[in-house]
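Data block below; observations after.
The values are calculated or read from the model by the stated rules, or taken from the named source; none is laboratory data. In this text the structure is predicted, and so the values were computed from the model without any measurement. In this analysis, Cβ positions are derived from the backbone assuming ideal geometry, glycine residues included, and neighbour counts consider all displayed protein chains. Ligands, DNA and RNA are stripped out before the accessible areas are found, and what is left, the full protein with its side chains, is counted by its heavy atoms. Shrake-Rupley method; radii C 1.70, N 1.55, O 1.52, S 1.80 Å.
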Amino acid sequence: MKIFTKTYLFLIVLMLGCFSGVSTAADIEAGVVKVVNIKKYSPLSVDSPSSMSEISLESSSSDISIKSAAAGITYFEIGNVYSSNYGWETISGFQSSTGDHGGTNLYIYIWQFGYGNVTNATMNGISRSAGLSEYRCGNDLHVCAVGETVTGWLYGFDFSGQQFGLFSVGSNSTAYPFGYWGDSIYIN
């Protein structure tokens, strides 16, 4: 009887984990923002506090469509690169390399529209997880207000110490349309 009970409980836990539509973040419930957290962007911060406002989504709102609160990935792109020598660079959708970045700090930002699990990014054989994971709302992926539905994320990766090389990252869509999305760029 103990085996049946353990198996039964395991199946219930597995089913709840697989079919749950609730995000793992404590301030999001069923895809709707309940509390807006104001946070410092460390270690992905730069000198001026207003610098995060310079991160922009290159795509127009007509390129992205909202299907539902739990839609899978429909857009995944490298959006911005920041380095201490070059400053901010907005990356276009068809750009294959960056300007002459260098210096002590190197941060790469990714826009993801839809729900997915971002993988570790790689550059020059080094693998890093996202140091910044910020949920976003609307077609333009703006900072969410209370009551808005989460539609995507902004991810930031810290590759400080690297001067140049191929940066690549991907994400697995967790809802329809399922699949793997990836992007890469050569950092000069």
### Query
Can you name every residue in segment 87-101 that is open to solvent by 60 Å² or more (accessible area, probe 1.4 Å) and either touching a helix residue (DSSP H, G or I) at 6+ places or on another chain (Cβ under 6 Å) or without any contact (Cβ under 8 Å) to a residue 60 or more places away in the chain (or both)?
94
### Task
Scan segment 154-175 residue by residue and report those that are surrounded by 15 or more Cβ atoms within 10 Å (Cβ to Cβ), at pLDDT below 95 and over 28 Å from residue 100 (Cβ atoms).
175
#### Entry: Output for segment 74-107, where each listed residue is among the aliphatic types (A, V, I, L, M) and within 11 Å of the chain's Cα centre (by Cα)
78
### Query
Which of the residues that make up segment 109-122 are buried (at least 22 other Cβ atoms within 10 Å of the Cβ) and under 19 Å from residue 188 (Cβ atoms)?
109, 110, 121
